[in-house]
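Engineer: One structure, as structure tokens, below. Some questions next.
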Amino acid sequence: MTKEEMYSQLAKAVEEGEPEDAAALAQQALDSGYDPLACINQGLTVGITRVGESFSSGEAYLPDLILGGEAMKSALAILEPALMDNQEREVVGRVVLGTVKGDLHEIGKTLVGTMLTANGFQVTDLGIDQSAEDFLVAVKETGADILGMSALLTTTMREQQTIINALKEGGLRDQVKVMVGGAPVTQSWAEQIGADGYAEDAISAIDLAYRLIDAPA
Ligand code: B1M
């Protein structure tokens, strides 16, 4: 199978909600020496985007979203470890990362965490549905340089503002840089809520994290 055919098959497995096929294809892609990041961006992400479009247009339903998400996760479980170079390296910065309260979307947030880890950041991934209190406690406990918040719903992105306010009230805002992302989040939203930076995807999240802590990329 050529790499283009592989990307297309990976996209199809996610679009059709087939976790076992997606995992088998991911393994086949690695065995064939294909770039795991390209498989994620040009294969899996294309598939899950199509699931989202079908959901928006009423051709797909919640179970399709769930199965698409499961298929993407099963392939990522195989591809993500291959993104790590397994080299011992100095920690360039500490990041607390999570998806905000009321939001159960984890795939993009986890991918951002994997890419940051692969690039020398020590990441504490809190998971999904995290309250302002959860974020604050983690920032204090880890002495994080960066707090990263993911939100995938227009309703939950407001929670990013709540958390920034809570950081201010807790006297922590000056100690930590705030980075936001997720499908409905934009640069102008980031500016509006007083975040320090916005990243559109996992690759730009790495550049942004380096810039936020003034480290050479
Ligand atoms: Co949901 N969902 N979903 N969903 N879902 C969306 C987001 C939606 C756009 C689909 C649609 O209508 N087209 C829509 C939101 C509409 C809106 O608010 N504007 C939607 C909806 C409506 C819902 C429910 C309300 C459906 C319902 O119940 N009726 C419900 C809400 C549940 C909740 O959270 N309370 C729901 C549920 C779900 C599932 C749980 C079933 C499932 C998630 C499974 C999981 O995560 N384990 C799911 C899925 C799979 C999706 C879509 C199809 C795909 C999301 C995804 O994983 N994308 C999504 C449609 C879409 O986004 N196109 C959709 C792949 C991932 C790699 O991309 O997450 O964007 P993304 O992450 C990117 C960037 O955004 C960025 O980098 C990542 C990697 O490149 N990024 C960051 C993300 N976080 C970042 C943080 C950063 C920096 C960059 O710094 C900290």
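Engineer: Go through segment 161-178 and count every residue that is of a type outside the set (A, V, I, L, M), over 13 Å from Glu133 (Cβ atoms) and either within 8 Å of the ligand (Cβ to nearest atom) or open to solvent by less than 60 Å² (accessible area, probe 1.4 Å) (or both).
Structural biologist: Result for segment 161-178: 3.
Engineer: Let me ask something else about it. What are the residues in segment 1-30 that are closer than 27 Å to Ile206 by Cβ and without any contact (Cβ under 8 Å) to a residue 12 or more places away in the chain, if any?
Structural biologist: Residue satisfying the conditions is Glu4 alone.
Engineer: Quickly run through segment 146-182 and pick out the residues that are under 15 Å from Gly197 (Cβ atoms), outside any helix (DSSP H, G or I) and over 18 Å from the mean Cα position of the chain (by Cα).
Structural biologist: Val176
Engineer: Just checking, does segment 89-96 include any residue being assigned to a helix (DSSP H, G or I), within 16 Å of the ligand (Cβ to nearest atom) and open to solvent by 60 Å² or more (accessible area, probe 1.4 Å)?
Structural biologist: Checking segment 89-96: not a single residue is assigned to a helix (DSSP H, G or I), within 16 Å of the ligand (Cβ to nearest atom) and open to solvent by 60 Å² or more (accessible area, probe 1.4 Å).
Engineer: For segment 145-160, what are the residues that are surrounded by 18 or more Cβ atoms within 10 Å (Cβ to Cβ), farther than 23 Å from Gly47 by Cα and not small (Gly, Ala, Ser)?
Structural biologist: Of everything in segment 145-160, those that are surrounded by 18 or more Cβ atoms within 10 Å (Cβ to Cβ), farther than 23 Å from Gly47 by Cα and not small (Gly, Ala, Ser) turn out to be Asp145, Ile146, Leu147, Met149, Thr156, Met157, Glu159, Gln160.
Engineer: Test of understanding: among Gly197, Gly181, which residue is assigned by TED's automatic domain parsing to the domain that holds Asn119, touching an Asp or Glu at 6+ places or on another chain (Cβ under 8 Å) and buried (at least 18 other Cβ atoms within 10 Å of the Cβ)?
Structural biologist: Gly181
Engineer: Of these, Gly33, Gly93, Gly47, Gly68, which one is free of Cβ contacts under 8 Å to residues at least 24 places away in the same chain and not polar (S, T, N, Q)?
Structural biologist: Gly33 is the lone residue from the list that is free of Cβ contacts under 8 Å to residues at least 24 places away in the same chain and not polar (S, T, N, Q).
Engineer: A further question on this structure: I'm checking my understanding of the structure. Among residues of segment 127-144 that are crowded, with 22+ Cβ neighbours inside 10 Å and not polar (S, T, N, Q), which one is nearest to the chain's Cα centre (by Cα)?
Structural biologist: Looking at the filtered set, the residue picked out is Phe135.
Engineer: Sticking with this one: Just for segment 67-81: of the residues that are near the ligand (Cβ under 9 Å from one of its atoms) and within 17 Å of the chain's Cα centre (by Cα), which one is nearest to Thr45 (Cα to Cα)?
Structural biologist: Among residues in segment 67-81 that are near the ligand (Cβ under 9 Å from one of its atoms) and within 17 Å of the chain's Cα centre (by Cα), the one nearest to Thr45 (Cα to Cα) is Met72.
Engineer: Follow-up question, since we're still on this one. Out of Glu70, Glu53, Glu80, report the one residue that is part of a helix (DSSP H, G or I) and either of a type in the set (A, V, I, L, M, F, W, C) or open to solvent by less than 60 Å² (accessible area, probe 1.4 Å) (or both).
Structural biologist: Result of the check over Glu70, Glu53, Glu80: Glu80.
Engineer: Can you name the residue in segment 97-119 that is more than 9 Å from the ligand (Cβ to nearest atom) and either touching a Gly at 6+ places or on another chain (Cβ under 7 Å) or open to solvent by 20 Å² or more (accessible area, probe 1.4 Å) (or both) and, of all such residues, is farthest from Pro81 (Cα to Cα)?
Structural biologist: If we take residues in segment 97-119 being more than 9 Å from the ligand (Cβ to nearest atom) and either touching a Gly at 6+ places or on another chain (Cβ under 7 Å) or open to solvent by 20 Å² or more (accessible area, probe 1.4 Å) (or both), then Lys101 is farthest from Pro81 (Cα to Cα).
The values are calculated or read from the model by the stated rules, or taken from the named source; none is laboratory data. Keep in mind it's a predicted model, so treat the numbers as computed, not measured. Because the Cβ atoms are built from the backbone with ideal geometry, glycine has one as well, and the counts that use them run over all protein chains shown. For the accessible areas, the whole protein counts, side chains as well, though only heavy atoms, and no ligand, DNA or RNA atoms are used. Shrake-Rupley method; radii C 1.70, N 1.55, O 1.52, S 1.80 Å.
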